[in-house]
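Worksheet for the structure shown next.
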Amino acid sequence: MTETTSNPYRDLPSVDRVLADPRVAALVLERGHAPVAGLAREVLDSYRASIAASEASAAPGVIEAVLARAEALRPSLRSVVNATGVIIHTNLGRAPLARAAIEAIIQVSAGYSNLEFDLEAGERGTRFGHLDRTLCHISGADAGIAVNNNASALLLALAALCRDREVIISRGQLVEIGGGFRIPDVLRQSGATLVEVGTTNRTYVRDYAEAITDRTAAILRVHSSNFRVVGFTEQPTLAGLASLARERGLLLLDDLGSGALLDTRAYGLAAEPLVQDSVRAGADVVLFSGDKLLGGPQAGIAVGSAEAIGAMRRHPLARAVRIDKASIAALAATLDHYAKGDAEREVPVWRMIALPAPVIEARARRWAEACGARASVEACESTVGGGSLPGESLPSFGCAIDAPEGADAFAAALRAASPPIVARIHEGRVWLDPRTVAPEADAHVQDTLTSLLSEAGRGR
Ligand SMILES: *Cc1c(COP(=O)(O)O)cnc(C)c1O
């Protein structure tokens, strides 16, 4: 062995040499020196590791490897095109915001605001005041509060109103909402004691009545958002529970989950309980999310009696789960659309629910034409998602693609587009449903389809 024997480690360029490459230098201008140098070091380390494992002898493509991983330097959270047909897709960020909500966020975030400042009195105010009027107007309740999300609204309600006391709930409503959010766990965290009544499929008002003790604080009803119990089932009406609660001096809490303000039946869907109806039926606190069927930002909203909501506002946990100013701005602007009566036109979730099938079919047809012979327009079903209306769907049309390299690979290629396009795989084909895609993104979808399918064609 002599010194001249090729040493694969020595063939590796230095970090400086990598950074001097014109393409990498351009990346440095865009992303900064330190992050790109760090990435170059990572790539070189992985080359050294494969040399050590004698998987590689030379070092071709170091620059290419750095450039290929450049995406990792961009902020990881980015916008995607949701072509799944699931309108409230929790993994894809739930509800897209109305234009006015986006503008309100910009207005309030670009400078200072009267977030906790009473402009009339010139002294400290409360952030909870900004939503008061609209929440009450829309729901018919006496008071309202918005916090970080509905899970925290429920936790706050239980902690403020039921701590060290008992809360009665039907066994059919001890649900897991998703992401490990389980009603019994939230109850335990709040310091309240869970009292289960009835059976999984049937619970009567008398089951609740028999479970009341001098330690009982409340009856909690939880909307079984993401599943449906069919067949031999029975749950008391909210009004039935309200009269029992009133008679026995208990609170009635109603966790609606989605919290629709418009009637889903007008769109051919099953009924999703309305916030207004729960207030009218006599619930003391009605809880719902801001970013499900309401179509606003992430938030948890509680409306109800001034006394109950006041106790929630004063509880120390309210500070820990408080809503931020950008979300208040967006929520206020979204609620305004309901107050003005133009939510169906302006709130994207409702606009997508209301989208007529022929409009969707025409867009699916243009997408399919961009694919050539490999795609066809097929009837399919969009779903509302977000843990609302399980088993319900909206008739829609999709562009179904028979990808030459297989459905998984084609779906992955769509996700690698910029912005990424998320599609659905069904029976070996890739499906794209225009219902959940903003029309402004049509050109991007079409161009991506054309380019992917012509590349695939060339590769064959
Ligand atoms: C979704 C849901 C929640 C949780 O709401 P987040 O806003 O996601 O925290 C709580 N309860 C029910 C019934 C739900 O459907």
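The values are calculated or read from the model by the stated rules, or taken from the named source; none is laboratory data. Values in this document were obtained by computation on a predicted structure and should not be read as measured data. FYI the Cβ positions are ideal-geometry reconstructions off the backbone, even for glycines, and counts take in every protein chain you see. Each accessible area value is taken on the protein alone, full model and side chains, heavy atoms only, with ligands, DNA and RNA left out. Shrake-Rupley method; radii C 1.70, N 1.55, O 1.52, S 1.80 Å.
Here are the numbers for the structure shown:
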quantity: Condition met for Gly386 (within 16 Å of the ligand (Cβ to nearest atom) and closer than 30 Å to Ala403 by Cβ); calculated: yes
quantity: Filtered residues of the range 163-179 (kept if more than 13 Å from the ligand (Cβ to nearest atom) and assigned to a loop (DSSP other than H, G, I, E, B)); calculated: Arg163, Asp164, Arg165
quantity: Residue tally, condition acidic (Asp, Glu), more than 26 Å from Arg345 (Cβ to Cβ) and part of a helix (DSSP H, G or I), over the range 100-144; calculated: 0
quantity: Sole exception among (1) open to solvent by less than 40 Å² (accessible area, probe 1.4 Å); (2) part of a helix (DSSP H, G or I) for Pro13, by number; calculated: (2)
quantity: Sole residue being touching a residue at least 60 places away in the same chain (Cβ under 8 Å) and surrounded by fewer than 23 Cβ atoms within 10 Å (Cβ to Cβ), chosen from Ala438, Ala409, Ala364; calculated: Ala438
quantity: Those residues of the range 106-131 which are open to solvent by 50 Å² or more (accessible area, probe 1.4 Å) and closer than 22 Å to Ala308 by Cβ, in sequence order; calculated: Thr126, His130
quantity: Test: residue in the range 314-334 that is more than 13 Å from the ligand (Cβ to nearest atom), polar (S, T, N, Q) and not in a helix (DSSP H, G or I); calculated: no
quantity: First in the range 174-198 and free of Cβ contacts under 8 Å to residues at least 12 places away in the same chain, second anywhere and more than 11 Å from the ligand (Cβ to nearest atom), Cβ under 6 Å, 6 or more apart; calculated: Pro184/Leu174; Pro184/Leu194
quantity: Positions within the range 290-313 being crowded, with 24+ Cβ neighbours inside 10 Å, in a loop (DSSP other than H, G, I, E, B) and not basic (Lys, Arg), in sequence order; calculated: Gly290, Asp291, Leu293, Leu294, Gly295, Gly296, Pro297, Ala299
quantity: Test: Arg182 is within 16 Å of the ligand (Cβ to nearest atom) and surrounded by fewer than 17 Cβ atoms within 10 Å (Cβ to Cβ); calculated: yes
quantity: Which listed residue is crowded, with 22+ Cβ neighbours inside 10 Å and either acidic (Asp, Glu) or at pLDDT below 95 (or both), from Asp433, Asp447; calculated: Asp433
quantity: Failed criterion for Val384 (all others in (1) outside any helix (DSSP H, G or I); (2) among the hydrophobic types (A, V, I, L, M, F, W, C); (3) touching a Phe, Trp or Tyr at 6+ places or on another chain (Cβ under 6 Å) hold); calculated: (3)
quantity: Residue in the range 411-431 that is among the aliphatic types (A, V, I, L, M) and closer than 25 Å to Arg345 by Cβ present; calculated: no
quantity: Subset of the range 137-149 that is open to solvent by less than 30 Å² (accessible area, probe 1.4 Å) and over 16 Å from Asp324 (Cβ atoms) - its residue that is farthest from the ligand (Cβ to nearest atom); calculated: Ala143
quantity: Yes/no for Glu378 being farther than 20 Å from Ala98 by Cα and open to solvent by 70 Å² or more (accessible area, probe 1.4 Å); calculated: no
quantity: Residue match in the range 345-354 (condition: over 22 Å from Ala83 (Cβ atoms), among the charged types (D, E, K, R) and open to solvent by 30 Å² or more (accessible area, probe 1.4 Å)); calculated: yes
quantity: Condition broken by Gly391, with the remaining ones in (1) outside any helix (DSSP H, G or I); (2) away from the ligand (no atom under 16 Å from the Cβ) satisfied; calculated: (2)
quantity: Residue in the range 248-262 that is without any contact (Cβ under 8 Å) to a residue 40 or more places away in the chain and on the phi > 0 side of the Ramachandran plot present; calculated: yes
quantity: Residue check for Ala403: closer than 14 Å to Thr448 by Cα, in contact with a strand residue (DSSP E or B) (Cβ under 8 Å, 6 or more places away or on another chain), outside any loop (DSSP other than H, G, I, E, B) and open to solvent by less than 50 Å² (accessible area, probe 1.4 Å); calculated: no
